[in-house]
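The values are calculated or read from the model by the stated rules, or taken from the named source; none is laboratory data. Bear in mind that the values here come from a model prediction, so they are computed numbers and not experimental data. Methodologically, a virtual Cβ is constructed for each residue, glycine included, from the backbone with ideal geometry; neighbour enumeration extends over all protein chains shown. In case anyone asks, the SASA skips ligands and DNA or RNA and just uses the protein heavy atoms, side chains included. Shrake-Rupley method; radii C 1.70, N 1.55, O 1.52, S 1.80 Å.
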Amino acid sequence: MKSVMPQLEIDRPLQDFFQKSSIALALSFADDDHHLALVNQRFCDLTGYDSSYVIGKNCRMLQTSPTGVHAENAEARAKINAFLEVDGPETVRTTIINFRNDATPFVNLLFMSKLKATSGQVRYILASQFDVSRAHTHLLQAYDVELGDTLKRIKPLLDDHNIMIEGTLATIANSTTTIAQAKLTLAELEQNSPY
């Protein structure tokens, strides 16, 4: 029996903000399987998937290519699973191997933050994705600045929904090690590529 997805309770100004963002964004429900509720055009451009295809699916679909090749991602999945625990951290940032719709692998610098109702209940998961496969340092820095600005600008819109975003800027500030790990992951991927 197929589960019924909750209704997206986000008004038009927040949806417009989301769509106009210059960085890839995804919003998932905080239900058992974290189905995608909303993705923007940048997410679609990055992954090669149309929004109508990914809405209702879990983002882990990006860990398997359309041809069936599956990325290990053990460390990244452990971090994401810890984040998704009820008492897990408010944010996570990790690199993860994903596949585009054309089966091309890329190293995704994934950022995720819990969006909570004023009651403390996690309502949504906000995620941002950035391809660090061959990104230059200045592009990564520009992405970090834009992500920080996006999180600052989205906060008042979330406040209008009695939803809070927490702990995000500290996670962004600690990205140097994550980016270095991404470069190492890509080098290993290219050297031992079964993809």
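The table below gives the values:
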read-out: Output for the range 81-95, where each listed residue is of a type in the set (A, V, I, L, M) and surrounded by 13 or more Cβ atoms within 10 Å (Cβ to Cβ); value: L84, V92
read-out: Test result for S21, within 18 Å of I165 (Cα to Cα) and of a type in the set (S, T, N, Q); value: yes
read-out: Test: residue in the range 61-75 that is out of contact with any Phe, Trp or Tyr (no Cβ under 9 Å at 6 or more places or on another chain) and closer than 16 Å to A26 by Cβ; value: no
read-out: Boolean, S28 is under 23 Å from D159 (Cβ atoms), buried (at least 20 other Cβ atoms within 10 Å of the Cβ) and at pLDDT 90 or above; value: yes
read-out: Positions within the range 109-139 being of a type in the set (D, E, K, R) and either crowded, with 23+ Cβ neighbours inside 10 Å or in a strand (DSSP E or B) (or both), in sequence order; value: K114, K116, R123, D131
read-out: Residues (at pLDDT below 90 and either in contact with a Phe, Trp or Tyr (Cβ under 6 Å, 6 or more places away or on another chain) or under 18 Å from Q63 (Cα atoms) (or both)) located in the range 110-130; value: L115
read-out: Selected residue [without any contact (Cβ under 8 Å) to a residue 60 or more places away in the chain, in contact with a helix residue (DSSP H, G or I) (Cβ under 9 Å, 6 or more places away or on another chain) and of a type in the set (V, I, T)] from I23, I96; value: I96
read-out: Helices (runs of 4 or more DSSP H) fully within the range 25-108 counting 1 or more residues that are among the β-branched types (V, I, T), within 12 Å of the chain's Cα centre (by Cα) and over 23 Å from D11 (Cα atoms); value: 41-47, 74-84
read-out: Failed item in (1) out of contact with any Phe, Trp or Tyr (no Cβ under 8 Å at 6 or more places or on another chain); (2) part of a strand (DSSP E or B); (3) at pLDDT 80 or above; (4) not charged (D, E, K, R), with M164 passing the rest; value: (3)
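For every residue, the table says whether it meets (1) under 23 Å from Q121 (Cβ atoms); (2) open to solvent by less than 40 Å² (accessible area, probe 1.4 Å); (3) in contact with a helix residue (DSSP H, G or I) (Cβ under 9 Å, 6 or more places away or on another chain); (4) basic (K, R).
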{"position": "F43", "(1), (2), (3), (4)": "no, yes, yes, no"}
{"position": "L46", "(1), (2), (3), (4)": "no, yes, no, no"}
{"position": "Y49", "(1), (2), (3), (4)": "no, yes, yes, no"}
{"position": "G56", "(1), (2), (3), (4)": "yes, yes, no, no"}
{"position": "Q63", "(1), (2), (3), (4)": "no, yes, yes, no"}
{"position": "V69", "(1), (2), (3), (4)": "no, no, no, no"}
{"position": "A74", "(1), (2), (3), (4)": "no, no, no, no"}
{"position": "K79", "(1), (2), (3), (4)": "yes, no, no, yes"}
